[in-house]
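Undergrad: The structure is given below, and queries will be raised subsequently.
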Amino acid sequence: MWEYNIQVQWEKQEVPYKRMVRLTSGGFPEIIATTPENRGGFAGYWSPEHLFVAAASICLSTTFLHIAQNSNLKIEKYRIESTAIADSVEIEGVDRTVITEIREKFYLQLTDSKFEKKAKRVVEKSIENCIIANSVKSKVTTELILE
């Protein structure tokens with residue numbers, strides 16, 4: 001069993017309250033977060049929705065690196081482009097806005113095309129073993145794009 005502890009702190013402000021908080025954990029760099037700009041937040045800051053999709057993508061990324069290293073997969077570089085889809089759904093008779101899907105595009109460049117079959121297996125194992133994707137209700141889809 002593991003525990004992951006964070007602190008979210010808000011400091012008193014004049015009304016109307018500015019919806020910005022500080023996210024900290026141990027000696028980690030601080031993150032300032034706000035409501036998304038389209039919902040009354042501020043441009044240029046992380047929102048809970050951005051952090052949510054980032055958590056899924058970072059999890060896939062670090063899981064991939066672990067499995068790739070253990071599998072001796074030779075990679076040149078990769079990037080993951082992710083999009084979270086939020087929509088209104090009915091939950092217990094009430095309309096709620098939820099993230100219904102996270103779409104990930106996994107752009108992978110190998111050192112040699114002979115590793116393509118192994119790369120596909122490593123990505124599949126990474127998807128299966130991503131703690132965050134396995135923990136959320138949203139559908140998480142990943143498309144591997146070999147470059």
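Each reported figure results from applying straightforward, stated rules to the coordinates on display, with no laboratory input. Given the structure is predicted, the values throughout are model-derived calculations rather than measurements.
Undergrad: If you plug each phi of the range 99-108 into the Karplus form 6.51 cos²θ - 1.76 cosθ + 1.60 with θ = phi - 60°, what whole-Hz ³J(HN,Hα) values come out, in order, with x for Gly and Pro?
TA: 7, 8, 7, 10, 9, 10, 10, 9, 8, 10
Undergrad: With axes computed from alpha carbons, what is the tilt in degrees of helix 48-70 against the longest principal axis of the chain, rounded to the nearest 10 within 0 to 90?
TA: 20
Undergrad: Kindly provide the helix-only [θ] at 222 nm of the chain, computed as the sum of -39,500 (n - 2.57) over DSSP H runs of four or more divided by all residues, to the nearest 500 deg cm²/dmol? Present the calculation step by step, with values, prior to reporting the outcome.
TA: Working: 3 runs with 42 residues, N = 147.
Mean residue ellipticity at 222 nm (helix-derived): -9000 deg cm²/dmol.
Undergrad: Once phi is turned into ³J(HN,Hα) by the Karplus curve 6.51 cos²θ - 1.76 cosθ + 1.60 with θ = phi - 60°, what whole-Hz value does each residue of the range 84-98 show in order, with x for glycine and proline?
TA: With coefficients 6.51, -1.76 and 1.60, one gets 9, 9, 9, 8, 8, 10, 8, 10, 6, x, 10, 6, 10, 8, 9 Hz.
Undergrad: I've got another one for you. Residues with amide H under 5 Å of VAL140's amide H, sequence separation 5 or more or different chain, H placed in the peptide plane at 1.01 Å from N; which?
TA: The list, which skips near neighbours in sequence, is ILE102.
Undergrad: Can you give the relative contact order of the chain as a percent, counting alpha carbon pairs under 8 Å and 6+ residues apart? Can you show the working numbers first?
TA: Working: 214 pairs, mean separation 27.1, N = 147.
Normalised by residue count, the contact order of the chain is 18 percent.
Undergrad: Follow-up question, since we're still on this one. Given H placed 1.01 Å from N in the peptide plane, which residues other than close sequence neighbours of SER71 have an amide H under 5 Å from its amide H?
TA: none
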